[in-house]
Amino acid sequence: MSQLWNFISMVWYQLTFKPQPLPDDIRLEGQTAIVTGSNVGLGFEAARELASHGLARLILAVRDPAKGEAAKTKIAREAPECDIQVWSLDQESWDSMATFAERARTELDRVDIVLLNAGLKRLEYTRSPTGHEAHVQTNHLGTALLSLLLAEPLRRTARQTRKPSRLTITASSVAFWAPINDVQKPKGGKGILAWLDDPASFVPGVSHYCLSKLLDIFWTRALAPRFDPKEVIVNTLNPGWCESSFHRADPQSERFSKYLAWSSAQGAYHLTDAAVRHPDSHGAYLSEQRIRPISGFISSAEGQKVQQKLWDETIAVILEECPKANIEEFTKST
Ligand SMILES: NC(=O)c1ccc[n+]([C@@H]2O[C@H](COP(=O)([O-])OP(=O)(O)OC[C@H]3O[C@@H](n4cnc5c(N)ncnc54)[C@H](OP(=O)(O)O)[C@@H]3O)[C@@H](O)[C@H]2O)c1
């Protein structure tokens, strides 16, 4: 699909599709959900919607506890029965992520839903304290590590409840706008991640953000076969173009937002829809609250090679840089 077609299709669904909240009869009594990046924006609205459907316990996974507490206060007003906890999580710190996941493994008797939603967009090159480019670190490596470390409580819960738990990753349709060459033919003989970490690969603007969302989709597709969908349904989604603080550093997007954007709550409907409904969505990408077939590069033979390479490189980075993380089972080939 050409970039122009991608753009027209995005404008079309933004103007014509009306995102729907969860139906009232969906009840989450007894369940526990973890939502990352839930102090503001789509994560906050998704957390709020899950709580309003009778969720027993909600873990707001945030990097700034004060902002998390403010979000908790707002949600608690509408869902006083829900046990809302603010847990610290910084996806730019291996230590923070490993500690967070260990806490989930040891303190939570069940984890029914994990919504890996935290993300950032930067128009200029920035490096995370881990040494990786910021999108690579937060949007890809952080999401990937949490998806592996939270496997244990998700599977354990499925065995207790005899129904699949859910692991949902917030991607974006901008994945299809990403410059494929950067992942297919990284320069300088480098691997995909080493090339994307290299300032020489960074084109000022949104291209690294788009690439990081492409990595989210590849990662979901690589991850899904490592789970039995009877235990954990893994999927990813496009929430559409939404008002949030996300576009604050991107004046061009802010301008378009006025005409096209959905509210954060409407964007969040896509997150909760993917995380609660669609039992047939294992490994799938959802957009406009429907499973969408993935054609083109991602599903091509070349795309499969990139996917495998990305998996191998990601596992290698985690083993090297986050020795605290026990990801042994994921080091074996499927
Ligand atoms: N808005 C859109 O139009 C749109 C479209 C497609 C996809 N998305 C995706 O939707 C997700 C949420 O975006 P949003 O629009 O809700 O943006 P947002 O309002 O900026 O929220 C992003 C959230 O991620 C958190 N976060 C950022 N870096 C983090 C880190 N290193 N560790 C932990 N948390 C971190 C932020 O925390 P702080 O508040 O502390 O910064 C915030 O809670 C992102 O994955 C984004 O790519 C958004």
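Tell me the residue from GLY240, GLY296 that is within 24 Å of SER207 (Cα to Cα), touching a Phe, Trp or Tyr at 6+ places or on another chain (Cβ under 7 Å) and small (Gly, Ala, Ser), please. Working first, answer last.
Numbers: GLY296 fails: touching a Phe, Trp or Tyr at 6+ places or on another chain (Cβ under 7 Å).
None of the others qualify; the one that does is GLY240.
Is it true that GLN91 is among the polar types (S, T, N, Q), within 11 Å of the ligand (Cβ to nearest atom), within 18 Å of the chain's Cα centre (by Cα) and not in a helix (DSSP H, G or I)?
Details: among the polar types (S, T, N, Q): yes; within 11 Å of the ligand (Cβ to nearest atom): yes; within 18 Å of the chain's Cα centre (by Cα): yes; not in a helix (DSSP H, G or I): yes.
In short, yes.
From GLY37, GLY54, grab the single residue that is modelled with pLDDT of 95 or more, within 21 Å of the chain's Cα centre (by Cα) and either crowded, with 23+ Cβ neighbours inside 10 Å or not aromatic (Phe, Trp, Tyr) (or both). Let's see the steps before the verdict.
Working: GLY54 fails: within 21 Å of the chain's Cα centre (by Cα).
Sole residue among the options that is modelled with pLDDT of 95 or more, within 21 Å of the chain's Cα centre (by Cα) and either crowded, with 23+ Cβ neighbours inside 10 Å or not aromatic (Phe, Trp, Tyr) (or both): GLY37.
Could you name every one of the helices (runs of 4 or more DSSP H) located completely within region 123-186 that has at least 3 residues being under 19 Å from the mean Cα position of the chain (by Cα) and surrounded by 23 or more Cβ atoms within 10 Å (Cβ to Cβ)? Lay out the reasoning, then the answer.
Details: elements: 143-149, 151-161, 181-184.
The helices (runs of 4 or more DSSP H) meeting that bar are 143-149, 151-161.
For region 226-328, list the helices (runs of 4 or more DSSP H) that sit wholly inside it and hold at least 1 residues that are in contact (Cβ under 8 Å) with a residue 24 or more places away in the chain, within 13 Å of the ligand (Cβ to nearest atom) and open to solvent by less than 40 Å² (accessible area, probe 1.4 Å); which are they?
Answer list for region 226-328: 251-260, 264-276.
Return a yes/no flag: does region 108-119 have any residue that is within 21 Å of SER244 (Cβ to Cβ) and surrounded by fewer than 23 Cβ atoms within 10 Å (Cβ to Cβ).
There is no residue in region 108-119 that is within 21 Å of SER244 (Cβ to Cβ) and surrounded by fewer than 23 Cβ atoms within 10 Å (Cβ to Cβ).
Of a type outside the set (S, T, N, Q), touching a strand residue (DSSP E or B) at 6+ places or on another chain (Cβ under 8 Å) and at pLDDT 95 or above, is that true of VAL232? Steps first, please.
Values: of a type outside the set (S, T, N, Q): yes; touching a strand residue (DSSP E or B) at 6+ places or on another chain (Cβ under 8 Å): yes; at pLDDT 95 or above: yes.
Answer is yes for this residue.
Checking the structure you have, find out if any residue of region 70-81 is of a type in the set (Ser, Thr, Tyr) and under 25 Å from ARG277 (Cβ atoms). Explain how you work it out, then say what you get.
Filtering region 70-81 down to residues of a type in the set (Ser, Thr, Tyr) leaves 73.
Subsequent filtering for residues that are under 25 Å from ARG277 (Cβ atoms) retains none.
No; the residues of region 70-81 include none that is of a type in the set (Ser, Thr, Tyr) and under 25 Å from ARG277 (Cβ atoms).
The values are calculated or read from the model by the stated rules, or taken from the named source; none is laboratory data. Every value quoted in this text rests on a predicted model; they were computed, and no experiment measured them. Cβ: placed from backbone, ideal geometry, glycine included. Neighbour counts: every protein chain shown. Quick note on the areas: whole protein, heavy atoms, side chains included, nothing else; ligands and nucleic acids left out. Shrake-Rupley method; radii C 1.70, N 1.55, O 1.52, S 1.80 Å.
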